[in-house]
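I have placed the structure first, in the form of structure tokens, so that the comments after it can refer back to it.
The values are calculated or read from the model by the stated rules, or taken from the named source; none is laboratory data. The structure displayed is predicted, hence computed values, not measured ones. Note that we place each Cβ from the backbone using ideal geometry, even for glycine, and neighbour counts take in every protein chain shown.
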Amino acid sequence: MSHESISVFDMFKIGVGPSSSHTLGPWRASQLFTKSLIEKSLLSKVIGIEVLLYGSLAKTGIGHGTDIAVQLGLSGEDPVSFDVENISAKIDDIKKMNRLLLAGTHEINFTPSDDIEFLYNESLPYHPNALTFLVSLNNGETLAETFYSIGGGFVKKEGEELLQGNKQITLPFPINTADELLHWCRTTGLSIAEVVMENETAWRSEKETREGVLNIWRVMKECIFKGCHTKGLLPGGLEVNRRAFDLNKKLTTGSQYKDYAEWAAQIKNGGNQFNYILDWVSCFALAVNEENASFGRVVTAPTNGAAGVIPAVLQYYIIFCDGNTEDKIIQFLLTASEIGSIFKKGATISAAMGGCQAEIGVSSAMAAAALTECLGGTQRQALMAAEIAMEHHLGLTCDPIGGLVQIPCIERNTMGAIKAITASQLAMQSSPDFAKVSLDGVIKTMWDTALDMNSKYKETSDGGLAINVPISLSEC
């Protein structure tokens, strides 16, 4: 079996909400398309572009900001560095002028309402999240390229084997399955995180990996803090109130602090009662996904819709379990990334392919394994924790109301975080020798469930809560 090389920075990508597959993926696809035009020396010859959105990208594209992401990507903006506070102004300017600066250098006529087409009843066979770019050139010729956003910000171009932006390289410890990961841990005596770090050296130095992982945590941490200190309604027309602000204010009893460090210290000093910790874990997760729903800067973990689970559990570990060291933070994120990559290889991390079990379920399994290893659990206990977490997310549907990543998505992140902690506790108090279900077994089961799941429960807003909760979208 060939081994797919996936780095920690493939699983954890810095980007913009609200969706990794419907926002970040199309954004990246648009960037890659303009790069292709430049490489073919065609950019200056372009006189028009039409974008076709298929399947799930069409059905929930407005709520997920797919059209916005495409315009920003075609304009040459990057989701890692673009100032999220300027998104509305940028999009309004394109709409007002009916002009777009392709790749940031070549101006063309572009009317979003006409040139971005939502094909609600059409889907391409490879993946539900597909988009095609149709280009008209000044010599009368046309060009078309199709991309698939396959979950977690991963993008694949039609006709190419490798994921866009990835290079197939040989890793010291090639891993496709949990059994293979355990084999390398037993053979080398290394922890899961140490095996991952050795593999990362195939891409870069250990120093660069450590710096990059800490930067991932910096973005997560800033997202939590910002989300806990921003109030108001979420955009999109559902008029959902942001709750992290009020919960944070209640839990800190209005105390004063000037930055994240003082805030975290105050939380730690607040005690360790069960309900107090439970409220904070929920608050951390709510904060991240309210930022995500507001087109804020988040980290795919492994997706945007599930971006709050891992930061919430890691923040819990740092504050309430004395995990506030760089080594422990790096260990947590490296371990989590490997579990996520195994799920991606053996099943999917795309809700459009597998429902919400592929997002919240996978993120909960990632967090459970990471927490277990950081708390001193064995490699087998870490894998057991991941299995337990996913086992109790099997069959979870993706049915966003109004096509927005808000209800039930935001609350589901709190549930995923709590399940991860519970799964870790169960694994730490159990012997894997007596486990009846393996992690590879539950991954296969998750994929079988995904294949059996009706398409209306796969991020289409055609079923579930999306059609059974009466709403009035004032803005959409």
Pull up the stretch 91-137, narrow it to residues that are over 28 Å from S461 (Cα atoms) and basic (K, R), then point me to the one that is surrounded by the most Cβ atoms within 10 Å (Cβ to Cβ). R99
Counting just the residues of the stretch 138-162 that are assigned to a loop (DSSP other than H, G, I, E, B) and touching a residue at least 40 places away in the same chain (Cβ under 8 Å), which one comes out surrounded by the most Cβ atoms within 10 Å (Cβ to Cβ)? G152
Filter result for the condition that a residue is surrounded by fewer than 24 Cβ atoms within 10 Å (Cβ to Cβ) and charged (D, E, K, R), over E391, E291: E391
Residue that is farthest from W447 (Cα to Cα) [pool: residues in the stretch 325-370 that are part of a helix (DSSP H, G or I) and of a type in the set (S, T, Y)]: T335
Mind counting the residues in the stretch 93-137 that are within 13 Å of D67 (Cα to Cα) and in a helix (DSSP H, G or I)? 6
Given the conditions (1) part of a helix (DSSP H, G or I); (2) acidic (D, E); (3) touching a residue at least 40 places away in the same chain (Cβ under 8 Å), and given that D78 satisfies all but one, which numbered condition is not satisfied? (1)
When both residues are 6+ apart or on different chains and their Cβ atoms are under 7 Å apart, which pairs have a first residue that lies in the stretch 201-216 and is at negative phi, and a second that is among the small types (G, A, S) and surrounded by 13 or more Cβ atoms within 10 Å (Cβ to Cβ)? W203/S7
When the residues of the stretch 25-75 are narrowed to those that are part of a loop (DSSP other than H, G, I, E, B) and crowded, with 24+ Cβ neighbours inside 10 Å, which ends up modelled with the lowest pLDDT? T60
Residue pairs qualifying under the 6 Å Cβ cut-off, at least six apart or on distinct chains, with the first in the stretch 401-421 being at positive phi and touching a residue at least 40 places away in the same chain (Cβ under 8 Å) and the second being surrounded by 24 or more Cβ atoms within 10 Å (Cβ to Cβ) and of a type in the set (G, A, S), are G402/G63; G403/G63
Would you please list the contacts, defined by Cβ atoms under 7 Å and residues six or more apart or on different chains, that run from a residue in the stretch 6-18 that is surrounded by fewer than 24 Cβ atoms within 10 Å (Cβ to Cβ) to a residue that is of a type in the set (D, E)? S7/E200
Does the stretch 219-256 hold any residues that are surrounded by fewer than 16 Cβ atoms within 10 Å (Cβ to Cβ), modelled with pLDDT under 95 and on the phi < 0 side of the Ramachandran plot, and which are they? S255, Q256
Mind checking whether some residue in the stretch 60-73 is touching a strand residue (DSSP E or B) at 6+ places or on another chain (Cβ under 6 Å) and of a type in the set (D, E, K, R)? yes
Any idea which of S294, S337, S350 is in contact with a strand residue (DSSP E or B) (Cβ under 7 Å, 6 or more places away or on another chain) and of a type in the set (S, T, Y)? S350
Might you let me know whether the stretch 89-98 holds any residue that is at pLDDT 95 or above, in contact with a helix residue (DSSP H, G or I) (Cβ under 9 Å, 6 or more places away or on another chain) and within 25 Å of K226 (Cα to Cα)? yes
Can you pull out the residues in the stretch 366-382 that are buried (at least 24 other Cβ atoms within 10 Å of the Cβ), without any contact (Cβ under 8 Å) to a residue 60 or more places away in the chain and aliphatic (A, V, I, L, M)? A367, A368, L371
Only one of S75, S20, S44, S36 is closer than 30 Å to V195 by Cβ and among the small types (G, A, S); which? S20
Any residue in the stretch 353-364 that is touching a residue at least 12 places away in the same chain (Cβ under 8 Å) sitting within a Cβ distance under 7 Å of a residue that is part of a helix (DSSP H, G or I) and among the hydroxyl-bearing types (S, T, Y)? List the pairs, counting only those 6 or more apart or interchain. G355/Y457; Q357/T449
Just to be sure, is I349 touching a residue at least 60 places away in the same chain (Cβ under 8 Å) and in contact with a Pro (Cβ under 6 Å, 6 or more places away or on another chain)? yes
